[in-house]
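A.B. asks: I have a structure here, written as structure tokens, and I will follow up with some questions on it.
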Amino acid sequence: MATHCLFFPTPNFCRRSITHRSAFSSRSIFFGASLKVHTNRNQLGRFSRSPTPIYCSSQEFDVVIVGAGIIGLTIARQFLTSSDLSVAIVDKALPCSGATGAGQGYLWMAHKTPGSDIWDLTWRSHQLWKMLAESLKEQGLNPTVELGWKKTGSLLVGRTKAQLDMLKGRVKQLNEAGLKAEYLCNSDLSELEPDLFVDKDSAGAFLPDDCQLDAYLTVSYIEKVNRSFASKGRYAEFYNEPVKRFIRSNSNGEVKAIETLSHTLHSKKGIIVAAGCWTGCLIQDSFRNWGMELDVPVRPRKGHLLVLQNFDYLQLNHGLMEAGYVDHPTLSDIESSEDGRSLSVSMTATVDAAGNLLIGSSREFVGFSTELDESVVRYIWKRVAEFFPKLELLSLSDLSANRKVRIGLRPYMPDGKPMIGPVPGLSNVYLAAGHEGGGLSMALGTAEMVADTVLGHPTKVDCAPFAVHRVLD
């Protein structure tokens, strides 16, 4: 009797919450469930829909991808649309249950530094996102409906002399790199964003062409594209399937398959691990059983994001970010029950395509915890109110009916660069993880790089800065 895999059309909003367990406890590796959303119960109805299963019987694929976040899904799409390879994608949970679903969805370049290692990859990825939006228009589709696409422009706001000097230099760099960027003095800034607090020491770097996406809509669209290849026998999804182990060939030592809770999936071309902050657990525990020590230094970095639905009290014309976000300094004056967690909070604010205000954001190291910390939410509110004084007139408790808090775990890398490429000594195993808060931003460029590497094609962007061996040596 043939075993079957299930395709589940993903809910527009996933409220699933799964507690992290150490790899191989109960012989299962748990990953991809790092998002919790705290929300009013009567808000849930419009987000959920019943899954409709679509069946296939194949257990052998050219490529098997572990992780169904934005990185894994776009890698699948890249293989499907640019080659004739078959693809299976595996995840413990559902798409948007990890870091992808917890973010703001911005594709902004204002806080990126030209010439840095991630600049070319981010720029290439943004070009690909814009090309995708244009292709949707050419097909008679609306990118706002399909992707939550919105050309917001971005503003990097400074309030000290040192920050203003930094902004002037950044605008010059961005223009020299080919982007349209403007330095705004305080009067220009006030005209552009009337509700923003502006004084004599305020200024901004403005990039009018920056855009943003809605992660849930974008994932839904990518899944729809991927599933269009299922009828040709080229695509399968294995959601809610914990990975138990990797299986090596006795003849040459290469990894030939992965075993999930219910299936053994064989790969002919390559296995790609794109499991976000769980990538280290997957690799380390699997390879240790083979006598190989591979310390993959990706760590979970927790973040809170406050979502206010249909919030029109504040006029916000663009996506905003405080200049301090570039460095995301550690703060020590926050009320908290935990010590030594390296918490930082910086103001970010944008309005999504549905009219919801998204404000943040926080970063902290607390392991794999996705529990709500109200002290962090209060500090985010306080920090944002310093930039938008109108919010000081409101209490968070008054907004509870329209409030959601997204909590996710960013895959943090110590050097700030993702790992993209083959694992040394195992040419058929590839990593694509460690993008921290830039998963959406770098997704399409990463997918292109992974597919080109596996297929033996020249990469469009230099892949050397992202080589896996740099963090294993």
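A.B. asks: Checking Glu193 against (1) surrounded by 15 or more Cβ atoms within 10 Å (Cβ to Cβ); (2) of a type in the set (Asp, Glu); (3) modelled with pLDDT under 95: exactly one of these is not met. Which one?
C.D. replies: Of the numbered conditions (1) surrounded by 15 or more Cβ atoms within 10 Å (Cβ to Cβ); (2) of a type in the set (Asp, Glu); (3) modelled with pLDDT under 95, the odd one out for Glu193 is (3).
A.B. asks: State whether the residues of region 113-133 include one that is touching a His at 6+ places or on another chain (Cβ under 6 Å), crowded, with 24+ Cβ neighbours inside 10 Å and not in a loop (DSSP other than H, G, I, E, B).
C.D. replies: No, the conditions are met nowhere in region 113-133.
A.B. asks: Can you report the number of residues in region 226-245 which are touching a helix residue (DSSP H, G or I) at 6+ places or on another chain (Cβ under 8 Å), open to solvent by 30 Å² or more (accessible area, probe 1.4 Å) and at pLDDT 95 or above?
C.D. replies: Qualifying residue count for the region: 1.
A.B. asks: Which pairs have Cβ atoms under 7 Å, sit 6 or more apart or on different chains, and link a residue in region 100-119 that is within 14 Å of Gly169 (Cβ to Cβ) to one that is open to solvent by 30 Å² or more (accessible area, probe 1.4 Å) and assigned to a loop (DSSP other than H, G, I, E, B)?
C.D. replies: Pro114/Ala177
A.B. asks: Right, next: Could you please tell me which pairs satisfy a Cβ distance under 7 Å, a separation of 6+ or placement on different chains, a first residue in region 180-192 that is touching a residue at least 40 places away in the same chain (Cβ under 8 Å), and a second residue that is surrounded by 15 or more Cβ atoms within 10 Å (Cβ to Cβ) and assigned to a helix (DSSP H, G or I)?
C.D. replies: From region 180-192, the pairs are Ala181/Val171; Ala181/Leu174.
A.B. asks: Could we say that Ser267 is surrounded by 18 or more Cβ atoms within 10 Å (Cβ to Cβ) and either touching an Asp or Glu at 6+ places or on another chain (Cβ under 9 Å) or of a type in the set (S, T, N, Q) (or both) here?
C.D. replies: Against the criterion (surrounded by 18 or more Cβ atoms within 10 Å (Cβ to Cβ) and either touching an Asp or Glu at 6+ places or on another chain (Cβ under 9 Å) or of a type in the set (S, T, N, Q) (or both)), Ser267 qualifies.
Per-residue answers, yes or no, for (1) open to solvent by less than 50 Å² (accessible area, probe 1.4 Å); (2) modelled with pLDDT of 95 or more; (3) more than 23 Å from Pro194 (Cβ to Cβ); (4) not in a loop (DSSP other than H, G, I, E, B):
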residue	(1), (2), (3), (4)
Gly324	yes, no, no, yes
Asp339	no, no, yes, no
Ser342	no, no, yes, no
Thr350	yes, yes, no, yes
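A.B. asks: Among the numbered criteria (1) surrounded by fewer than 21 Cβ atoms within 10 Å (Cβ to Cβ); (2) over 28 Å from the mean Cα position of the chain (by Cα); (3) not hydroxyl-bearing (Ser, Thr, Tyr), which one does Ala203 miss?
C.D. replies: All conditions pass for Ala203, except number (1).
A.B. asks: Can you find, within region 442-466, the residue that is least open to solvent (accessible area, probe 1.4 Å) among those that are in contact with a helix residue (DSSP H, G or I) (Cβ under 8 Å, 6 or more places away or on another chain) and of a type in the set (Asp, Glu)?
C.D. replies: The selected residue is Glu448.
A.B. asks: Looking for whichever is of a type in the set (Ser, Thr, Tyr) and crowded, with 21+ Cβ neighbours inside 10 Å here; the options are Ser375, Ser395, Ser369, Ser346. Which one fits?
C.D. replies: Ser346
A.B. asks: Does region 172-179 contain at least one residue that is in contact with a strand residue (DSSP E or B) (Cβ under 8 Å, 6 or more places away or on another chain) and either farther than 23 Å from Ile75 by Cα or of a type in the set (Asp, Glu) (or both)?
C.D. replies: Yes, region 172-179 has at least one match.
A.B. asks: Need pairs with beta-carbon distance below 9 Å; first residue more than 20 Å from Val66 (Cα to Cα) and free of Cβ contacts under 8 Å to residues at least 60 places away in the same chain and within region 283-312, second open to solvent by less than 40 Å² (accessible area, probe 1.4 Å) and part of a strand (DSSP E or B); sequence gap 6+ or separate chains.
C.D. replies: What qualifies is Asp312/Leu357.
A.B. asks: Now, a different point. Run down Thr122, Thr144, Thr152 and say which single residue is polar (S, T, N, Q) and farther than 21 Å from Tyr325 by Cβ.
C.D. replies: Thr144
A.B. asks: If you don't mind, another one. Looking only at region 254-287, filter to residues that are outside any strand (DSSP E or B) and over 25 Å from Lys417 (Cβ atoms); which one of those is farthest from the chain's Cα centre (by Cα)?
C.D. replies: This residue is Glu254.
The values are calculated or read from the model by the stated rules, or taken from the named source; none is laboratory data. For clarity, every value in this text was computed on a predicted model and none was experimentally measured. Quick reminder, even Gly has a Cβ in these numbers, built from the backbone with ideal geometry, and neighbours come from all protein chains shown. Note: accessible area is taken over every heavy atom of the protein model, side chains too, but ligands, DNA and RNA are not part of it. Shrake-Rupley method; radii C 1.70, N 1.55, O 1.52, S 1.80 Å.
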